[in-house]
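Trainee: I have a structure I would like to understand better, so I am pasting it below and will then ask my questions one at a time.
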Amino acid sequence: MKEKDRRSKNASVTAAKGRGAEARGGRHEQRHPPVKGGGFKTRSGGPAAKIAPEKGERQRSAQEALPTRPLPQRTGDKPAETVPLILETAATAGYHLIDSGNGEKLEQYGPYRIVRPEAQALWPKALPASVWEKADAVFTGDTDEDGMGRWRFPREVLGETWPMQLLDTDFLGRFTSFRHVGVFPEQLAHWSWVKDQVATAGRPLKVLNLFGYTGVASLIAAKAGAEVTHVDASKKAIGWARENQTLARAEKLPIRWICDDAMKFIQREERRGSRYDIILTDPPKFGRGPNGEVWQLFDHLAAMLDICREIVSPDARGLVLTAYSIRASFYSIHELMRETMRGRGGRVESGELIIRESGLDGKEPGRALSTSLFSRWVPE
């Protein structure tokens, strides 16, 4: 990873593309996002694990997409419900939200203090300008989630990447041209839940991470003892995930890295009879697969969830959906999840993911910043 570049100060540089215009789209980047992907380079001599191409998929054209799967009318009782459920990311050793307001947020990512646009921050900033002015990096330019921009480094020019650690898992933060930094800390609530489920299962769990982006969730699950299948449409995102695997010293953990269109992949898994104990899906609002396949959240989400229902194991621990940057209430995805899981029993928990401000020292609880919607089915 690169050390600080001290060649010049107060310079602006264009960052490598992050969840870029290729894919989850991301939380996201999807937010969401800019799609997963990015213009970063992968390290030479990466981890031993190989990106697993699906047979025949490299030869398919965008016009040869798999047939659309009909959406069945589910019957039976709907699952019980818990609404609203607010899952909060509080300050941790590797990350905390310092302050927010006036359409921006000030965050601490490892050693760096970072300023980025945040449309949800409608209130005035709580901390003085002198605190914000000491930021190490400021994203400028297009303020849309999927808009490209530039990073300004007021103190000294920084390298493209830097080491991070969350939930005892090492990975790389990265300055991308879509303002994202390679991790969505509000997801810590879901990642902690997955880690607990895997650790207490008493058996190896199979986890599917759809639209997996940079692989932090996959690494956390695998380190807890799960067998993980990680799917993302961007080769660059997969490359970044493998860099993270090396940094986390997790090359021998059971993770399949698959570069593929998410819908095509799960349709094949359904036909094969594959089953997973936990499915995480964090789809973008819009994205493209490796062969030009088009993903539209409102057009494809219902079908995607229905297929996920079919590949969730009989003794499953949960199906988790996160949705960013959509004009909808969490009730929309809550009712969709309940309709999808009719007849499977269990409970659907839905609400919002939030990050709590915690001041410069990470110990002063402040306002809650809403980041995304979620819905989670769990057995009772």
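Each value in this text was obtained by applying a stated rule to the coordinates, not by laboratory testing. Keep in mind it's a predicted model, so treat the numbers as computed, not measured. Neighbour counts run over all protein chains shown; Cβ positions are idealised from the backbone, glycine included.
Trainee: Do any of Lys252/Lys285; Lys223/Lys363; Lys125/Lys195; Lys105/Lys285; Lys125/Lys363 go past 26 Å between their Cα atoms, and which?
Mentor: Details: Lys252/Lys285 34 Å; Lys223/Lys363 29 Å; Lys125/Lys195 35 Å; Lys105/Lys285 22 Å; Lys125/Lys363 17 Å.
Violating the 26 Å Cα-Cα cut-off are Lys252/Lys285; Lys223/Lys363; Lys125/Lys195.
Trainee: Which loop-located GluC sites (Glu not before Pro) does segment 248-313 contain, where loop means any DSSP state but H, G, I, E or B and the Cβ has at most 13 other Cβ atoms within 10 Å? Intermediate values should be presented prior to the final figure.
Mentor: Details: sites: Glu251, Glu269, Glu270, Glu293, Glu310; in loops: Glu251, Glu293.
Within segment 248-313, the qualifying GluC sites (Glu not before Pro) (loop, at most 13 other Cβ atoms within 10 Å) are Glu251.
Trainee: Take the alpha-carbon centre of segment 257-294, take the same for segment 312-380, and report the distance between them in whole Å.
Mentor: Here the answer is 20 Å between Cα centres.
Trainee: Related question: So what's the net charge close to Phe298: Lys and Arg +1, Asp and Glu -1, counting the other residues with Cβ under 10 Å from its Cβ? Don't skip to the answer; put the middle values down first.
Mentor: Working: positive: Lys285, Arg327; negative: Asp299.
Computed value for this residue: +1.
Trainee: Run the numbers on segment 162-239 and let me know its relative contact order in percent, using alpha-carbon pairs under 8 Å that are six or more apart. Please list the in-between numbers first.
Mentor: Details: 96 pairs, mean separation 19.0, N = 78.
Once normalised by length, the contact order is 24 percent.
Trainee: Can you put Arg271, Arg242 in order, fewest other beta carbons within 10 Å first?
Mentor: Working: Arg271 11, Arg242 24.
Least crowded to most crowded, the residues run Arg271, Arg242.
Trainee: Further, regarding this structure: Counting only other residues whose beta carbon sits under 14 Å from that of Ser350, what net charge do I get with K and R as +1, D and E as -1?
Mentor: Numbers: positive: Lys78, Arg338, Arg347, Arg376; negative: Glu81, Glu335, Glu339, Glu349, Glu352.
Result for the neighbourhood of Ser350: -1.
Trainee: Which of the peptides 365-371, 284-290 is most tightly packed, and how do the rest follow, judged by the mean count of other Cβ atoms within 10 Å per residue? Working shown, then result.
Mentor: On the way: 365-371: 17.4, 284-290: 25.6.
Packing order, densest peptide first, comes out as 284-290, 365-371.
Trainee: Shifting gears a bit: So what's the net charge close to Ser100: Lys and Arg +1, Asp and Glu -1, counting the other residues with Cβ under 11 Å from its Cβ? Before the final figure, lay out each step's value.
Mentor: Numbers: positive: Lys105, Arg116, Lys125, Arg356, Arg367; negative: Asp99, Glu104, Glu107, Glu118, Glu357.
Counting the neighbours of Ser100, the net charge comes to 0.
Trainee: While we're here: Kindly identify segment 284-332 as rounded, prolate or oblate by the Cα gyration tensor criterion: order the square roots of the eigenvalues as a ≥ b ≥ c, call it rounded if a/c is under 1.5, otherwise compare a/b with b/c, prolate if a/b is larger, else oblate. Provide the component values of the computation, followed by the final result.
Mentor: Numbers: a/c = 2.47, a/b = 1.30, b/c = 1.91.
Here segment 284-332 falls in the oblate category.
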